[in-house]
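What follows is a single structure, written as structure tokens, with notes after it.
The values are calculated or read from the model by the stated rules, or taken from the named source; none is laboratory data. The model shown is predicted, which means the values in this text are computed figures rather than measured ones. A quick note on method: Cβ atoms are made from the backbone with ideal geometry, for glycine too, and the neighbour counts reach across all protein chains shown.
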């Protein structure tokens, strides 16, 4: 199992965001405590990353932008992107965030060297378009929920 | 005595001795303990070298017992030469680095000093090396206001107010996804606590060093704030843009302050502070519940 350095970077950002958001919701300042929680969590995340390979990959993000632009023109896929925008509060337009498109481009670049690569995510920008992505790039997208269900089935069959 | 024993003994040389080795390596020798004490003090505290010597106020201003002990120990190990010289009126000490000391410094100690830190240390040393021991002692008294506890107290109170001002800016610029701003605010909060605790200290040397370092920290935070208020730029990029070649970064200054506070029993380091000092019990309980779903622990 591998991840890209872009994914690792995004995970760090999301971790900070999530911790801060939760503390903000409780209307607590406590900046030093936040720094402590973020620092400990980042350290734990770093240790978890050691269990997988983190690769520096180079993808073609412009190719992915064209892919999603083409989906904006198709009414069926456009409807999915409109729905995703409603669910993702921070989304500005209908296109996915640039960082997400970079991550997909890196997976595509990695997949071109390996015929049997699966891309695991729980992001709707990928999971809602599994057929389109597989048809265009030969990259199979596996949602985290599907992977977890598969794991449970496997464990039961072993027992 | 076997070479294995010598090697293991040398590995017990404290990191703070790097400052002493650096000064003796650069100057060749230093005459009088007074001058050595003050040169180490200046280099350590102006160049912001963390994990250095603890200084307290003594007869002739800042004095470090640790430095005195290190000169004795390192002379015994043959890494420096400590010679008593008969002066015209009084005997005095002469300190010189030996060839094994020079070799140790280049092979081991230099590895722990970055190029930027060495540049800063050299700059400070060059500024003060030409003064006599009495001139240097007097200069240190004046520069650090060691004889003026009331002036120090007033400046600390003033700085605490100014810190509040720059904290307000960063709170208004804050957004949850930015780790830099979160850390800036954490550092500022830590500093407020440190200044508050330091007001009750009796030793003016520790107070003065903390005050000067805190002022530098405040100024750096202000400079980054000025850039960010005019341009839409990441605070880390702003800091890198402002940081001149060997100038200590905001993080280095904070590292120095934290280390100073810990070694002088003002405050533990930020990441080691107890939660009871940072939040109320009620806040802690609410946070525990909120973060539990993330599998994140609040307590250390």
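For the range B:120-136, indicate whether the set of residues that are buried (at least 19 other Cβ atoms within 10 Å of the Cβ), more than 18 Å from the chain's Cα centre (by Cα), farther than 17 Å from residue B:209 by Cβ and modelled with pLDDT under 95 is non-empty.
Within the range B:120-136, one or more residues are buried (at least 19 other Cβ atoms within 10 Å of the Cβ), more than 18 Å from the chain's Cα centre (by Cα), farther than 17 Å from residue B:209 by Cβ and modelled with pLDDT under 95.
Tell me which helices (runs of 4 or more DSSP H) are completely within the range A:12-94 and hold 3 or more residues being within 14 Å of chain B (Cβ to nearest Cβ), or say none if there are none.
Numbers: elements: A:31-49, A:61-73, A:75-87.
Where helices (runs of 4 or more DSSP H) fall fully within the range A:12-94 and carry at least 3 residues being within 14 Å of chain B (Cβ to nearest Cβ), they are A:31-49.
State whether one or more residues within the range B:45-59 are under 23 Å from residue B:269 (Cβ atoms) and part of a strand (DSSP E or B). I'd like the intermediate steps shown before the answer.
Here is the first cut: in the range B:45-59, the residues under 23 Å from residue B:269 (Cβ atoms) are B:45-56.
Right, trim to part of a strand (DSSP E or B) and you get B:56.
Yes, because at least one residue in the range B:45-59 is under 23 Å from residue B:269 (Cβ atoms) and part of a strand (DSSP E or B).
Could you pull out the residue among A:45, A:57, A:72, A:15 that is surrounded by 12 or more Cβ atoms within 10 Å (Cβ to Cβ) and in contact with a strand residue (DSSP E or B) (Cβ under 8 Å, 6 or more places away or on another chain)?
Working: A:45 fails: in contact with a strand residue (DSSP E or B) (Cβ under 8 Å, 6 or more places away or on another chain); A:72 fails: in contact with a strand residue (DSSP E or B) (Cβ under 8 Å, 6 or more places away or on another chain); A:15 fails: in contact with a strand residue (DSSP E or B) (Cβ under 8 Å, 6 or more places away or on another chain).
Being surrounded by 12 or more Cβ atoms within 10 Å (Cβ to Cβ) and in contact with a strand residue (DSSP E or B) (Cβ under 8 Å, 6 or more places away or on another chain) holds for just one of A:45, A:57, A:72, A:15, which is A:57.
Which of the residues spanning the range B:140-151 are assigned to a helix (DSSP H, G or I) and touching a residue at least 60 places away in the same chain (Cβ under 8 Å)?
Just the residues of the range B:140-151 that are assigned to a helix (DSSP H, G or I), to begin with: B:140-144, B:149-151.
Result: B:140, B:141, B:144.
Given the conditions (1) part of a loop (DSSP other than H, G, I, E, B); (2) touching a residue at least 24 places away in the same chain (Cβ under 8 Å); (3) within 12 Å of chain A (Cβ to nearest Cβ), and given that residue B:254 satisfies all but one, which numbered condition is not satisfied?
Here residue B:254 meets the rest and fails (1).
If you check A:128, A:132, which single one turns out to be modelled with pLDDT of 85 or more, under 15 Å from the mean Cα position of the chain (by Cα) and crowded, with 16+ Cβ neighbours inside 10 Å? Reasoning before the result, please.
Working: A:132 fails: under 15 Å from the mean Cα position of the chain (by Cα).
Only one candidate qualifies: A:128.
If you take the residues of the range B:178-195 that are facing chain A (nearest Cβ under 7 Å) and at pLDDT below 95, which of them is nearest to residue B:214 (Cα to Cα)? Quick ask: steps written out before the conclusion?
We begin by selecting, within the range B:178-195, every residue facing chain A (nearest Cβ under 7 Å); these are B:179, B:182-183, B:185-186, B:189-190.
Those left that are additionally at pLDDT below 95: B:179, B:182-183.
Details: B:179: 21, B:182: 18, B:183: 16 Å.
The selected residue is B:183.
Determine whether residue B:277 is surrounded by fewer than 13 Cβ atoms within 10 Å (Cβ to Cβ), at pLDDT below 95 and either assigned to a loop (DSSP other than H, G, I, E, B) or within 10 Å of chain A (Cβ to nearest Cβ) (or both). Reasoning before the result, please.
Details: surrounded by fewer than 13 Cβ atoms within 10 Å (Cβ to Cβ): yes; at pLDDT below 95: yes; either assigned to a loop (DSSP other than H, G, I, E, B) or within 10 Å of chain A (Cβ to nearest Cβ) (or both): yes.
The answer is yes for residue B:277.
What number of residues within the range B:168-177 satisfy the criterion of being more than 9 Å from every other protein chain (Cβ to nearest Cβ) and touching a helix residue (DSSP H, G or I) at 6+ places or on another chain (Cβ under 8 Å)?
Going through the range B:168-177, the residues more than 9 Å from every other protein chain (Cβ to nearest Cβ) turn out to be B:168-170, B:172-173.
Right, trim to touching a helix residue (DSSP H, G or I) at 6+ places or on another chain (Cβ under 8 Å) and you get B:169-170, B:173.
Total satisfying the criteria: 3.
It is to be established whether one or more residues within the range A:135-154 are touching a strand residue (DSSP E or B) at 6+ places or on another chain (Cβ under 6 Å) and crowded, with 18+ Cβ neighbours inside 10 Å.
Yes, some residue in the range A:135-154 is touching a strand residue (DSSP E or B) at 6+ places or on another chain (Cβ under 6 Å) and crowded, with 18+ Cβ neighbours inside 10 Å.
Checking residue B:223 against (1) under 16 Å from residue B:258 (Cα atoms); (2) at pLDDT below 95; (3) away from every other protein chain (no Cβ under 14 Å), only one condition comes out false. Which one?
If we test residue B:223 against (1) under 16 Å from residue B:258 (Cα atoms); (2) at pLDDT below 95; (3) away from every other protein chain (no Cβ under 14 Å), just (1) comes out false.
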